[in-house]
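> I have a structure here, written as structure tokens, and I will follow up with some questions on it.
Where a number appears in this text, it was derived from the coordinates with a stated rule and is not lab data. Please read these numbers as outputs of a predicted model, since none were measured by experiment. Counting neighbours? That spans all protein chains shown, and the Cβs are built from the backbone with ideal geometry, glycine included.
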């Protein structure tokens, strides 16, 4: 689905919402100007390249709500100019449509969808725990769902998700994801705890005949200790069925000649799944942290085990001045035998934000990242500093 189709779909959704039903809706356009210095653009191990990057971003967020439905959307364009490496200039795009509609007292329909074109550097790190060279990465996600209230408390949700990821750089492998899942949720009488159970079936297909199928079984829940403290935990197991082509050496005719050929590689693995998060809020201070362990596809045509720990803190010094500190650690290791990939990433960032007026804000920040190639015994570091101005103009309407 191209950018025009996505933009038209979002516009029609907002217009339909505004003309057909009486509702509460808002539109928030914003402009963001940013100047950044990066000491190692690609986290390169041998030849780090530094550069100044000028960024101009425009975004519009839409929100529409009635008693029976909700529609959210986003249009975003980000132009990036590299002062030295101008060949890396790019315009990132982000289009999102999310909605839900209650068709009956017990039936609820949902839709989550997005079309995003941006750099692989951050997207791959978020998805698979890996850092690869900057190249445009196109991602399409479409996920319809349906929830049925079985009893006063017990609800069942059936959802499907289709995703396609493709890369401009031919060294990386495109892939598609399909997922179908069933989720059961049950709130306890105290109204503070919600128990959940999930069964997920996934299939990932890479270009060629390589594919992975997995079955996930998870149990967990959400608990609200106080009005300002809550936590969520899911644990379970991922059972993966891998089917890859790999190169093998046939030495049966040695010493006359040695043949290298493709052979099918199959493997079944079982690994634990964990997703833990908690948030605590005070008057001026808040902290969010968590740990997750999961499986993910990557541009290298493999399935990886990813472990991630993160911590985020925010503090309001005054009504206008606030600061934040974020730290994260991720490890990614391949679960197949195609390659011996094991990568670690350590990141730390801080930011100060000042609300100049109700609509205009300024901020400055610094981040430090370390990338480790464990198998290759290599390390790369990057220092990033930035200044940013943001102007937003909320528009709210009720009818």
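> In Å, the Kirkwood hydrodynamic radius of the range 279-399 over pairs of distinct alpha carbons?
One decimal place: 17.4 Å for the Kirkwood radius.
> Quick one: 36, 85, 305, fewest Cβ neighbours within 10 Å first, how do they rank?
85, 36, 305
> Would you mind ranking 373, 118 so that the residue whose beta carbon has the fewest other beta carbons within 10 Å leads the list?
Listing 373, 118 from fewest to most nearby Cβ atoms yields 373, 118.
> Shifting gears a bit: When the helix-only estimate is applied to the chain (DSSP H runs of n ≥ 4, each -39,500 (n - 2.57), divided by the residue count), what is the mean residue ellipticity at 222 nm, nearest 500 deg cm²/dmol?
Computed ellipticity for the chain at 222 nm equals -2000 deg cm²/dmol.
> Can you run the Rg to Rh ratio on the chain? Use alpha carbon positions and the Kirkwood inverse-distance Rh.
In the chain, Rg relative to Rh is 0.98.
> Out of every Cα pair in the range 336-398, what percent are spaced more than 17 Å from each other?
Cα-Cα pairs of the range 336-398 separated by over 17 Å account for 63 percent.
> In whole Å and largest first, what semi-axes does the C-alpha gyration tensor of the range 88-233 yield when each eigenvalue is scaled by 5 and square-rooted?
34, 18, 16
> If r is the Cβ-Cβ distance from residue 189 to residue 219 and R0 is 25 Å, what FRET efficiency results, to the nearest 0.05?
The pair residue 189/residue 219 has a calculated efficiency of 0.80.
> Over the chain, what is the mean sequence separation of C-alpha contacts under 8 Å (at least six apart), divided by residue count, expressed as relative contact order in percent?
Rounded, it is 13 percent for the chain.
> Hey, another quick one. From the Cα trace of the range 21-161, what convex hull volume per residue do you get, rounded to a whole Å³?
Residue-normalised Cα hull volume stands at 135 Å³.
> Within a 10 angstrom radius of the beta carbon, how do 225, 345 rank from fewest other beta carbons to most?
Ranking 225, 345 by Cβ neighbours within 10 Å, fewest first, gives 225, 345.
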